[in-house]
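See below for the structure under consideration.
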Amino acid sequence: MTHLRSSRWLPLTVVTVAILGALSGLVPVRADDQPAPVAAVPITSADIKAVPAPSTDDLAKGDPGGTVTGNAGDIVTADPKAGLTLNDVVSQVGQNRIAINFVWTLVTGYLVMFMQAGFALVETGLCRAKNANHTMMMNFMVYGFGMFAYWVMGFAIQQGGCAGVTNLGGLQSLNNEFKLSLFGKDWGLFGTQGFFLSGQTYDVGVMVMFLFQMVFMDTAATIVTGAAAERWKFAAFAISSMCLAALWYPLYGNWAWGGGWLSQLGTNFKLGHGYCDFAGSGVVHAVGGLSALATSMIIGPRIGKYNKDGSPNAMPGHDITMVLLGCFILAFGWFGFNPGSTLGASGAGNLRIGSIAVNTMLAGATGSFGAILYMWMRYGKPDASMSGNGLLAGLVAITAPSGFVNTVGAAILGFVAGALVCFSVEFVERVLKVDDPVGAISVHGTCGLWGVLSLGLFADGTSNYGGSWNGIDGSVTGLFYGDVAQFVAQLIGCCTLVGVIFTMAYVVNWGIEIFIGQRVTAEAELEGLDLPEMGALGYPEFQLVMPGTGRSVETGG
Amino acid sequence: MRGIGLLVIVLGWLVAIGGLLSTDEPLMRLVIAFVGFSTSLGGIWTLNAAHNAAAIWKEKGAWR
C-alpha cells in the first residue's frame, strides 16, 4: 500500500521538480550570489620543473590504463641542457591548438573529397544505362580538371588576400587583396597571392587551406555534370569545368570568404555581419546550381524529353540503388562540409562543431521528410529519387546557416527545402522546359539560394567564433531574432549570385558553344554517349549497341 | 532576345547595389534588393524564352 500511495504522488512530484527546475533556470542569479573570482596565479619555470614525469622504467612496464602515456616528458624542449621551461610549455600549447585545427580541417577535407563518389553514384544512377560510362567519367575527371585550374589560379583569386585566419596559424602569406575604391568604400575584388602555391605561399597553413577549399570547389564543379548529362560533349565539359574552377567560383568565393566586398557589407554599409555563408549554400551550391542552369539552357534538352506540344516525358534513371547509396555517401561527407568549415576544433568558439553536426543531420532528415510528404500527397506514392533529392536539398539549405542556427531552425529550414526541391523540379521541367536529368538545378541552385536567405531568417545570435564575424563584433543574428539588416545582406548575396555569377557562367559557356560546340551529335545521343564519346560501354553485358546506327537497346533486367 | 535577357539579369544586380548606396534605411534596402532580385529572375526568364523559341523539340522532324 505504501508503494501504491507513493507511486500515485510520483507524477506530481516529478512535475513539481520539473517546474522548480525550469523556474530556477529562469530566475536571474544576483551578482552577490556568484562565487568570487579566484585571482590568476602566474606559472613560473620553477613550477614547470617541479612537475614529475614517469621514468623510462615506469613506461617500460606498459600502460594498459593509458594513465602515464603523454606527460611532461613528451613536451619538446628547445634546449635539452636547460630542461623544461615555461617557454617550451607555452609553445607546445600553441602548437597543439594549431595541430588540432590542422588535423580537423584536413580530415574533414578528406570527407568532402569522398563526396565526389556520392555525386558520381547519384548522377550515374539517375541517367540511362547507355550513358553510364560517360556520366561516371565526367564525375571522375572533374576532380582532376578542377583541381589543376584551381591550383594554377583559382585559389589565388579566392584566398590570396585572406590573411588573418587565426585557426590555421594566421596564413599571413596570403596578404594581398586587390581592392577598388568606389563611392568612398573599398570593394575587395580578388586575391593576388598563391598562384601555383609558390613563393611565400609555400607554407604549411596555406597547404591545409588549399586542400580544404579545393574539395569545396570540386563539389561545385561536379554539380554541373548532372544537369548537362546525357548530351554534353566531353571536351566542352573539360573546358567549362576548368573555367568554373579558375574564374567565377573563386571570384564569388573571394567576395564571401576571402575578404571581398560581400563579406564587408557589414563594415561598409552596416548590414549586420556582412554577407555570411558558413559552409557554402551560396559559394558552393548556388554557384554550381546556377552554372548548371546556364549550361543546360545553352545545351538544350535531351532528344525525346519534350513532345512537340512542350509536354515532358519521364526518362527514368537506370539504377535507384546507386542513387540512394550515393545520397548516403553525400550525407556522410556533409559532416566534413559543415563542421569542417570552422577550420578548427580548438579555441575561438570552435566547440560549436557538435551543434553544427547535429544541425546538418537534422536538416537532411527533415528535407527527406518534406520531399516524401510532397510526393506522397501529390502522386500517392513515396518517390525514392525525390526522397534522395529531398535529403540533399535539406543538406544544401543548412550548409550556409549551420554555424549560426539552433536545432529547431535547422529542422524547419530543412523541411522547407525538401518540399521546395520537389516544387522546383516540376517548375524547371514543366514551366521553364529546361532538361535537368538529376534535379541539380533545383537541389543546388534553388535550395542553395534558400539556404543563404534562411541564414538571414533563422540565425539565433548565440554563436561566438572568437567574438566577431567578418570584422563585426557580436553574433550573427537573423530577421526572426531582430536583425533586418542581416537578411538584406543575404539578399544582396543572392542578387550577386543570380546577377553576376549566372551571367559569367552563361557567357563563358556560350563562348565554348561558339568555338567547339557543347552538344554531341543526335546520332551519338541516341546511341548513348558511352561508345561515341568514351569508346567503351558502361555495361557491355546487357546493352546491345549497333555502332554507327544511332540506336541502342537496353536488355538488362 | 538573349542579349536583352543578359542585360536585364545584370541590371537587377545593379538595382540591388544601387539601393545600398542610395539609402541607409534597412527596410528600403530590403525592398530595393527584392526588386533587383526579381528583375534578375525576369532576365533569366527572358533568356530562357529565347532559347526555347528555337528548342530542339520544336524543330521539324523532331522526336514525336
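A few remarks follow.
- Note on region A:86-129: residues that are small (Gly, Ala, Ser) and touching a residue at least 24 places away in the same chain (Cβ under 8 Å) amount to 6.
- Contacts under 6 angstrom Cβ, first residue in region A:425-440 being closer than 23 Å to residue A:124 by Cβ, partner of a type in the set (Gly, Ala, Ser) and part of a loop (DSSP other than H, G, I, E, B), 6 or more apart: A:425/A:439; A:437/A:229
- Of A:431, A:421, all but one fail to be more than 21 Å from residue A:324 (Cα to Cα) and of a type in the set (A, V, I, L, M, F, W, C); the exception is A:431.
- Within region A:226-239, at least one residue is at positive phi and in contact (Cβ under 8 Å) with a residue 12 or more places away in the chain.
- Meets criteria (farther than 20 Å from residue A:302 by Cβ and away from chain B (no Cβ under 14 Å)) for residue A:216: yes
- Check on residue A:265, farther than 22 Å from residue A:167 by Cβ and at pLDDT below 95: yes
- Verdict on residue B:4 being touching a residue at least 40 places away in the same chain (Cβ under 8 Å) and more than 7 Å from chain A (Cβ to nearest Cβ): yes
Here is a yes/no grid of residues against (1) surrounded by fewer than 20 Cβ atoms within 10 Å (Cβ to Cβ); (2) in contact (Cβ under 8 Å) with a residue 60 or more places away in the chain; (3) over 30 Å from residue A:316 (Cβ atoms):
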site	(1), (2), (3)
A:131	no, yes, no
A:142	no, yes, no
A:149	no, yes, yes
A:167	no, yes, yes
A:174	no, no, yes
A:192	yes, no, yes
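- Members of region A:250-265 that are within 12 Å of chain B (Cβ to nearest Cβ) and either in a loop (DSSP other than H, G, I, E, B) or free of Cβ contacts under 8 Å to residues at least 12 places away in the same chain (or both): A:261, A:262, A:264
- Of residues in region A:304-358 being among the polar types (S, T, N, Q) and in a helix (DSSP H, G or I), the one nearest to the chain's Cα centre (by Cα): A:341
- Of the residues screened, residue A:329 is one that is at pLDDT 95 or above and out of contact with any Ser or Thr (no Cβ under 9 Å at 6 or more places or on another chain).
- Here residue B:19 fulfils each of the conditions (1) facing another protein chain (nearest Cβ under 8 Å); (2) in contact with a Lys or Arg (Cβ under 7 Å, 6 or more places away or on another chain); (3) crowded, with 22+ Cβ neighbours inside 10 Å apart from (1).
- Residue match in region A:266-280 (condition: surrounded by fewer than 24 Cβ atoms within 10 Å (Cβ to Cβ), assigned to a loop (DSSP other than H, G, I, E, B) and within 23 Å of the chain's Cα centre (by Cα)): no
- Pairs with Cβ under 9 Å, 6+ apart, first in region A:290-306 and touching a residue at least 12 places away in the same chain (Cβ under 8 Å) and facing chain B (nearest Cβ under 7 Å), second of a type in the set (Lys, Arg) and buried (at least 23 other Cβ atoms within 10 Å of the Cβ): A:300/A:231; A:301/A:231; A:303/A:231
- Criterion applied to B:9, B:4, B:32, B:44 was being surrounded by 15 or more Cβ atoms within 10 Å (Cβ to Cβ), farther than 26 Å from residue A:185 by Cα and not hydroxyl-bearing (Ser, Thr, Tyr), and the one residue passing it is B:44.
- Residue satisfying condition, being modelled with pLDDT under 80 and of a type in the set (Asp, Glu), within set A:88, A:32, A:74: A:32
- Residues that are buried (at least 24 other Cβ atoms within 10 Å of the Cβ), assigned to a helix (DSSP H, G or I) and more than 9 Å from chain B (Cβ to nearest Cβ), drawn from region A:472-488: A:486
- Count - residues of region A:214-242 that are under 20 Å from residue A:340 (Cα atoms) and surrounded by fewer than 23 Cβ atoms within 10 Å (Cβ to Cβ): 1
- Which numbered condition residue A:326 fails, given (1) touching an Asp or Glu at 6+ places or on another chain (Cβ under 9 Å); (2) within 12 Å of another protein chain (Cβ to nearest Cβ): (2)
- Test: residue in region B:28-48 that is among the charged types (D, E, K, R), more than 12 Å from the chain's Cα centre (by Cα) and more than 9 Å from chain A (Cβ to nearest Cβ): no
The values are calculated or read from the model by the stated rules, or taken from the named source; none is laboratory data. Keep in mind that this is a model prediction, so the values were computed, not measured. All Cβ positions, glycine included, derive from the backbone under ideal geometry; neighbour counts span all protein chains shown.
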